[in-house]
Amino acid sequence: MATIEAVLGNLTTGERHLLTAVNTGASTLSLLGSGFIVLCYLCFKDLRKFSFKLVFFLALSDMLCSFFSIVGDPSKGFFCYAQGYSTHFFCVASFLWTTTIAFTLHRTVVKHKADVEDFEPMFHLYVWGTSVVMTVLRSIGNEHGHLGHIGRVAAWCWTETGRTGKAVHFFTFYAPLWGAILFNGITYFQVIRMLNNVTRMAVGMSDRGAQSDTRADMKALNRWGYYPLILIGSWSFGTVNRIHDFIEPGHKIFWLSVLDVGMSALMGLFNSIAYGLNSSVRRALFERLDLLPESIRRWFPKKLKSRSQQAQHESELVSLKLEEHH
């Protein structure tokens, strides 16, 4: 991920091999998870709604971020620059896409606006434009090139040189990251608080229909409310490690570096599970299973049938709310 090149310095060859393996293994899981969501979006036309389109771009960013993280440093020339820039660019784009999803949810549920699709060009300008700016700015104070080879294992490009480079890295990655975490947290809190108020009003009015609808919304929001924790869990160790490295550049804490690399590389997997594997995706998958011959379907667990029927009754909050206005 965007942190691997910053944690390899002053470590033994064995420790570097282990960090390389952790990064490759975790990034591969993220690549597979996010790639699955991208594939579902491309294959299932009924998933191509605006709400899931944002999830698609999130998964696409995660997939490319994981891919370039696995690639490592293929050469000293053009590919070295491409790997360094691309990893940073797509990792920043990933957490920025989560803010567009939070904004869409807030505007739809709290503001009761049906114009969220009109913001799509602005979303692309915001995400890709900010990612480009942060990526270019990060080159300040950095010397591109090999961090060094570990036996036959290639290291990574774009190592920070000096305190200026480390400060710029923190400003161009961790500052917008924690800004996104704060924005998502406040947004989801406001949405959940509003739905709680609606629930209390429905109870006071003894409106069973409204209570039923709101309970369905709250069930979905209880899951969405944990989404800011994905970024916190993925990048807390990396943030602490960057601060420690800035204060004591000559002393690496190996266990912290392992958690830093491993958790950040798993961000794509966490996002694909939380954002991508919703009721709409499960329903689409179950419907395709129903098209298989009986001789094949009988080999699947019987629970899949009941889950298929249950998925048809589940509501995905954003899709539900958006379609109510069309």
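Checking the conditions here, which among F123, F173, F103, F90 is surrounded by 17 or more Cβ atoms within 10 Å (Cβ to Cβ), in contact with a Leu (Cβ under 7 Å, 6 or more places away or on another chain), at pLDDT 90 or above and of a type outside the set (S, T, N, Q)?
After applying the criteria, what remains is F90.
Condition (residue is surrounded by fewer than 16 Cβ atoms within 10 Å (Cβ to Cβ), aromatic (F, W, Y) and at pLDDT below 90) applied to region 72-85: is it met by at least one residue?
Looking through region 72-85, at least one residue is surrounded by fewer than 16 Cβ atoms within 10 Å (Cβ to Cβ), aromatic (F, W, Y) and at pLDDT below 90.
Surrounded by 14 or more Cβ atoms within 10 Å (Cβ to Cβ) and modelled with pLDDT of 90 or more: does that describe S131?
Yes, satisfied.
Looking at V38, V92, which is the one that is touching a Pro at 6+ places or on another chain (Cβ under 7 Å) and under 29 Å from V258 (Cβ atoms)?
Exactly one of V38, V92 is touching a Pro at 6+ places or on another chain (Cβ under 7 Å) and under 29 Å from V258 (Cβ atoms), namely V92.
Is it the case that V198 is part of a helix (DSSP H, G or I) and free of Cβ contacts under 8 Å to residues at least 24 places away in the same chain?
Considered against the rule, which asks whether it is part of a helix (DSSP H, G or I) and free of Cβ contacts under 8 Å to residues at least 24 places away in the same chain, V198 comes out as yes.
Has region 275-294 got any residue that is under 15 Å from the mean Cα position of the chain (by Cα), at pLDDT 75 or above, surrounded by fewer than 17 Cβ atoms within 10 Å (Cβ to Cβ) and not in a helix (DSSP H, G or I)?
Yes, because at least one residue in region 275-294 is under 15 Å from the mean Cα position of the chain (by Cα), at pLDDT 75 or above, surrounded by fewer than 17 Cβ atoms within 10 Å (Cβ to Cβ) and not in a helix (DSSP H, G or I).
For residues in region 1-37 being in contact with a helix residue (DSSP H, G or I) (Cβ under 7 Å, 6 or more places away or on another chain), under 14 Å from S272 (Cβ atoms) and surrounded by fewer than 22 Cβ atoms within 10 Å (Cβ to Cβ), which is modelled with the lowest pLDDT?
F36
I'm trying to understand the selection: among the residues of region 176-189, which are farther than 30 Å from I140 by Cα and either in contact with a Gly (Cβ under 7 Å, 6 or more places away or on another chain) or buried (at least 16 other Cβ atoms within 10 Å of the Cβ) (or both)?
G185, T187, Y188, listed by residue number.
From S51, S69, grab the single residue that is at pLDDT below 85, part of a helix (DSSP H, G or I) and buried (at least 19 other Cβ atoms within 10 Å of the Cβ).
Checking each option against the conditions leaves just S51.
The values are calculated or read from the model by the stated rules, or taken from the named source; none is laboratory data. What you see is a predicted model, and the numbers here were worked out from it, not measured in a lab. Cβ: placed from backbone, ideal geometry, glycine included. Neighbour counts: every protein chain shown.
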